[in-house]
Amino acid sequence: MNQPLHKWLKIAIINLNIIAFIGVVLRYKIVFSLPFIDQKHLLHAHSHFAFAGWLTQILMTLLVVFLYRKGLNDSFKKYSWLLLGNLLTAYGMLITFPVEGYGFLSITFSTLSIFVSYVFAIVFWKDLNKLNSKSSSICWFKAGVVFNAVSSIGAFSLAYMMATHYIHQNYYLSSEYFFLHFQYNGWFFFACMGLLIDKLEKYQIISQIYKTIFGLFFLACIPAYFLSALWMSLPTWIYILVVISALAQFLGWFLLVKVMFQHLDVLNNLTSVFSRVLYSVAAFAISIKLLLQIGSTYPPLSDMAFGFRPIVIGYLHLVLLGAITMFILGYIVANGFVSLEIISIIGLSVFVFGVIINEILLMSQGVSGLKYESVPYINEFLLGSAIVMFTGIFLFVTGQFKNKIELENIV
């Protein structure tokens, strides 16, 4: 008997709920006193668990579903140990980071998490090669797992600096941004694009332009790393590459949006209103992200942006919550992978509202910081938005325990 999809989806969504709860605690500690909690250590747990326990866990699950749909019927049985391995390392980081920060156990679990991603990449690549499919999504998936592996260079550099206590500010920041870039612009984005292209092709929206779009994003991904390193003294030729990569990514996105608008009637007929709302929020967030990337190539703007932490945090939330998470939620809703009881619909609606308000507040805080001004009660408002997001995803999780979705229903 095949492993039911609903189990892994529930686990991933519960993990998102845990992340939202930690977000509330972090925001609460800024406003009120929680002396028994180390803010920095808990923040490390929050970020590591968000990447491994939510985004990587759900994307791995959805990629296994892709294999199942393409005829590899034993996919969940084959990958269950990798999904479990990733989950255990994620929970290991969730437990150890708040206690010791970057210590022996937390570094061990984060290292094991990377090794699991290596094995997943190798096994998944081989299974993709077994498929008789000519789907354009396959190249996106292959690039995604490769970029996931590449991102570990930054993670190992950070772990080494933390373990040896030899921390050079420039090396630390460049390693951190290297990891983040190849995670959210590489692994997360390319995996989501693969899922999107596969869905469009299933709707018979097939275009030769998909190859051009992939080429633009793939070739731009590596030099685009330096968009996060414009605060360093870069050679002119690298700066020119950075500008070209930012423009190439925007062009690729424009071409994809153009294809979807040309088939808007088909998409409207085959997707629910609720999934279209989630997709639209994700598309808007990606558009803003790509425009911000182009804007950041202007040195004065780049210097100001990287000098204010709220802007960096706002940008990361824009990508990880506004773009990636919203797309994933829209995708699982559109595919009928989750129960949409009234409580789930209310929960997702509240969550989306919380994400939008949170992003507005973060960006307001960042812009006001550039003017050396402060927004009255901004930390209290951010705590409120964190509570809204947690409440929304909690209601959504509650609604998932009413239906059981088996793999036989998702072909």
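The values are calculated or read from the model by the stated rules, or taken from the named source; none is laboratory data. It should be emphasised that the depicted structure is a prediction, and the values quoted were computed from it without experimental measurement. Note that we place each Cβ from the backbone using ideal geometry, even for glycine, and neighbour counts take in every protein chain shown.
Among the residues in the range 334-346, are any among the aliphatic types (A, V, I, L, M), at pLDDT 90 or above, within 25 Å of Val65 (Cα to Cα) and buried (at least 18 other Cβ atoms within 10 Å of the Cβ)?
yes
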Looking at the range 126-148, is at least one residue surrounded by fewer than 21 Cβ atoms within 10 Å (Cβ to Cβ), within 18 Å of Thr111 (Cα to Cα) and either touching a residue at least 24 places away in the same chain (Cβ under 8 Å) or over 15 Å from the mean Cα position of the chain (by Cα) (or both)?
yes
Quick one: which residue in Ile18, Ile30, Ile22 is more than 18 Å from Ala155 (Cα to Cα), assigned to a helix (DSSP H, G or I), of a type in the set (A, V, I, L, M) and modelled with pLDDT under 95?
Ile30
Over the range 124-143, the set of residues in a loop (DSSP other than H, G, I, E, B) and of a type in the set (S, T, N, Q) is Asn132, Ser133, Ser135, Ser136
If a residue must be farther than 19 Å from Lys29 by Cβ, among the aliphatic types (A, V, I, L, M) and either modelled with pLDDT of 85 or more or under 19 Å from the mean Cα position of the chain (by Cα) (or both), how many such residues does the range 357-404 contain?
6
For the range 25-71, name all the residues that are surrounded by fewer than 19 Cβ atoms within 10 Å (Cβ to Cβ) and either closer than 19 Å to Gly347 by Cα or among the hydroxyl-bearing types (Ser, Thr, Tyr) (or both).
Tyr28, Ser33, Ser47
Among Phe115, Phe156, Phe109, the single one that is free of Cβ contacts under 8 Å to residues at least 60 places away in the same chain, surrounded by fewer than 14 Cβ atoms within 10 Å (Cβ to Cβ) and in contact with a helix residue (DSSP H, G or I) (Cβ under 9 Å, 6 or more places away or on another chain) is Phe115
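Does any residue of the range 221-230 turn out to be under 29 Å from Leu67 (Cα atoms) and either touching an Asp or Glu at 6+ places or on another chain (Cβ under 9 Å) or surrounded by 19 or more Cβ atoms within 10 Å (Cβ to Cβ) (or both)? Walk me through how you get there before you give the answer.
Going residue by residue through the range 221-230, those that are under 29 Å from Leu67 (Cα atoms) are 221-222.
Checking the rest, the ones that are also either touching an Asp or Glu at 6+ places or on another chain (Cβ under 9 Å) or surrounded by 19 or more Cβ atoms within 10 Å (Cβ to Cβ) (or both) come to 221.
Yes: one or more hits.
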